[in-house]
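The values are calculated or read from the model by the stated rules, or taken from the named source; none is laboratory data. Just so we're clear, the structure is a prediction, and the values are computed from it rather than from any experiment. Reconstructed Cβ throughout: ideal geometry from the backbone, glycine too, with neighbour counts over all protein chains shown. Accessible surface areas use protein heavy atoms only, side chains included; no ligands, DNA or RNA. Shrake-Rupley method; radii C 1.70, N 1.55, O 1.52, S 1.80 Å.
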Amino acid sequence: NAAFWQCRHTASRATINTLRCLAGCSIGDYSALIYLQVSYPEMSPLYTVPIACASGISTSLLLESSMLKFGKDKMETRQAITTAFNMSFISMLAMELAENVVELSITGGDFVGNPQLAALALVPATCAGFGAAFPYNYYMLKKHGRSCH
């Protein structure tokens, strides 16, 4: 049904949720990629990418859990962590995979050897992460009225 995907209120809320998730995922992911490339340049992307994904998901869960605990929801710590994980894990995973596929496609996994290219790769990678997570976030909000924010 085309009308399902045309709700401006849901699109606005899904955009905000996706941008929050994107901030958390990107901070952890990009920081881990840079750190690992600088500190362990011999490490294969077969190891750096999963580590970066785990780092991105971790920082996103931390950010979202903190927002649920200290924001308007005022959830208890355990409930905030559980809610953030249950509501956002799939979109975080999709986001991380999309970001890293684009990063690897553009840089070939060499972030230190060509820092200008690596920096430029962040733009399309971040856009891909948003694009991968937004439909899921929109769907969850529209279909189930669920949101972690």
Discussion item. Net charge within 9 Å of Ala52 by Cβ-Cβ distance, Lys/Arg positive one each and Asp/Glu negative one each, not counting Ala52 itself?
Written reply: -4
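Tally Lys/Arg at +1 and Asp/Glu at -1 over every other residue whose Cβ is under 13 Å from the Cβ of Val123; what's the total?
Here the charged neighbours net out to -2.
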Worksheet item: Normalised by the number of residues in the range 92-149, what is the relative contact order in percent for Cα pairs under 8 Å and 6+ residues apart?
Response: 38
Discussion item. Give me the 1.4 Å probe accessible area per residue for the chain, excluding ligands and nucleic acids, in Å².
Written reply: 54
Discussion item. How charged is the neighbourhood of Ala23? Take every other residue with its Cβ under 15 Å from the Cβ of Ala23, and add Lys/Arg as +1 and Asp/Glu as -1.
Written reply: -3
Worksheet item: Considering the chain as a Gaussian network with a 10 Å cut-off on Cα pairs, which listed residue, Ser12, Ser88, Ser26, attains the greatest mean-square fluctuation?
Response: Ser12
Practice prompt. List the relative contact order of the chain as a percent without decimals, with contacts defined as Cα pairs under 8 Å and 6+ residues apart.
Written response: 30
Worksheet item: For the residue pair Leu117 and Ala2, what label-to-label distance in nm results when each label sits 7 Å from Cα along the Cα-to-beta-carbon direction?
Response: 4.2
Worksheet, complete the sentence: In whole percent, the fraction of accessible protein surface over the range 1-104 that belongs to carbon or sulfur atoms, probe radius 1.4 Å, stands at 68
